[in-house]
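Below is one structure; the comments refer to it alone.
What follows is calculated from the coordinates using simple rules that are stated; it is not laboratory data. All values reported here derive from a predicted model rather than from experimental measurement. Quick reminder, even Gly has a Cβ in these numbers, built from the backbone with ideal geometry, and neighbours come from all protein chains shown.
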Amino acid sequence: MILWTRVTIPKEVKARLDINTLTVKVIWQIATDSSFSNIVSSGHVLTSQAQDFTVKVDAKGLQENTRYVYRFIIDELDEPIISPTGKTKTLPEYDVSTIKLAMASCSHFSYGYFNVYARIAEIADLDAVLHLGDYLYEYGNKDIYRNPFLWNRKVTPNHEMVTLSNYRQRHACYKTDTDLQKLHQTHPMICIWDDHEFTNDTWREGAKNHNDGEGTWQARSRAAIQAYYEWMPIREPQHTNREKAYRRFRFGNLAELNMIDTRFIGRDQQVDVKDPARLDEQRTLLGYEQEQWLQDNLLDGKRNGVTWQLIGQQVQMMQIQMLGKPIYTDSWDGYPAARNRLLDFIEHNHINNAVLLTGDVHSSWAANICKDPYD
């Protein structure tokens, strides 16, 4: 189980200590009861400016399908500090009859309040919350992408986030929202990035909203990824390549969840709908390594008799056309060969239990997926 928090250094401590050399020891405890009389796991971690004073614990040895409470303690400053109590739940491992998931995406601090996060937090029997991307947005307070009636919902930094410091500040700004705090405090989250965790219309080697005056794309994307892993309750990849955020979760024999990255790791650049390159057979949205990983997982799930194979991803797979042409090529419509490869694989291997869960489009849709819905 991933436990996450962030240490906010008191101003009086900052005034007398060098924040750049300060290391803070944070004790963590997991218990089965809110009074912490039955602590089942504990330990400590060190954090510093190198991690922006964020804390992440990968707690092991817990019971499956069990609800726990946890907290953090700092006892090295002027007086002990005990964090609020968090709640979490481990994944079920064996016979599972039901699971309940909440799904969220596209949360723009300057465009609206996060009321829905508080409502999700009130659902006591959730197994997990899926966040399918655009957890935050890169725009500044003078950009057009904000609600003019919410003058008090301003972000920091004031301008578009570009550097590591900018991305860290924006994550910190979002987590000042009390409804978002309540969500993280109440349920475990399974998350994956989309483009706005980087900048608008990201692809493997750049983005629509990135220009030469903002430094190199490599530096900006590295900064975005570093801040994401620091500030989000996401497990660090075992292979140490932070760009590979795709991973799999098992809910016993009822469901497997493949959280894939349709945004960054393998995506070719977006093209105009009239560009013949859109139909290139080699064009990829996932990258061939991730494509193979997903296919292997789907076959493995079928062999193991998993009831549902869920695919959490960022952009719409369903086709939306006007006058016989797609209207939005940042989605799978801009990568028809990649979509056909996946659908052909599913059809050829008689995988009839795949369900795609999608973010990105700021609206709710449902569709049966087929290769040619207009036939």
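For His131, His239, the sequence from fewest to most other C-beta atoms within 10 Å is His239, His131.
Taking the beta-carbon count within 10 Å as an exposure proxy, list His362, His350 from fewest neighbours to most. Let's see the in-between values first.
Working: His362 10, His350 7.
With the sparsest Cβ surroundings first, the list reads His350, His362.
Only one of (i) 20.0, 58; (ii) 21.6, 71; (iii) 19.7, 64 was calculated from the structure for Rg and Dmax of the Cα atoms in Å, and its label is (ii). Converting phi to 3J(HN,Hα) with the Karplus coefficients 6.51, -1.76 and 1.60 and the offset θ = phi - 60°, the stretch 137-146 yields 10, 8, 5, x, 6, 9, 6, 6, 7, 7 Hz in sequence order, with x at every glycine or proline. Based on DSSP, what percent of beta bridges with both residues in the chain are antiparallel, to the nearest 5? Bridges in the chain are about 65 percent antiparallel. Dipole orientation for the chain: of the candidates Ser48, Gln63, Leu298, Ser48 has the Cα lying most toward the positive pole (charges on Cβ; Lys, Arg +1; Asp, Glu -1).
Peptides 254-261, 282-289 ordered by packing proxy, namely the average of other Cβ atoms within 10 Å per residue, highest first: 254-261, 282-289. Rounded to whole numbers, the Karplus 3J(HN,Hα) couplings from phi for the stretch 295-308 are 4, 4, 5, 5, 5, 4, x, 5, 4, 8, x, 5, 5, 10 Hz, using 6.51 cos²θ - 1.76 cosθ + 1.60 with θ = phi - 60°, and x at Gly and Pro. Computed extension gain for Glu289 through Arg16, at 0.36 nm per residue and net of the alpha carbon distance, reaches 93.2 nm. On the basis of the beta-carbon distance and an R0 of 41 Å, Glu236 and Asn141 show a calculated FRET efficiency of 0.80.
Positive end of the dipole of the stretch 143-230 (Cβ unit charges, origin at the Cα centre): among Trp193, Leu150, Val162, the Cα lying farthest that way belongs to Leu150.
Here the stretch 92-358 is assigned +1 on the Cβ of each Lys and Arg and -1 on the Cβ of each Asp and Glu. Its dipole about the Cα centre then comes out at about 480 debye. Each Cα pair under 8 Å and six or more residues apart adds its sequence gap; the mean of these over the residue count of the stretch 92-358 is a relative contact order of 17 percent. The string of couplings for the stretch 368-375 from the Karplus curve (6.51, -1.76, 1.60, θ = phi - 60°) is 7, 8, 8, 5, 9, x, 9, 7 Hz, one whole number per residue in order, with x for Gly and Pro. The angle separating the long axis of helix 336-348 from the principal Cα axis of greatest extent in the chain is about 90 degrees. Across Ser97, Ser363, Ser331, mean-square fluctuation computed from a Gaussian network of the chain (C-alpha pairs under 10 Å connected) peaks at Ser363. The label point for Lys325 and the one for Ile39, both projected 7 Å from the Cα toward the Cβ, are 6.5 nm apart.
For Glu281 and Arg222, a Förster radius of 30 Å and the Cβ-Cβ distance give a FRET efficiency of 0.45, rounded to the nearest 0.05.
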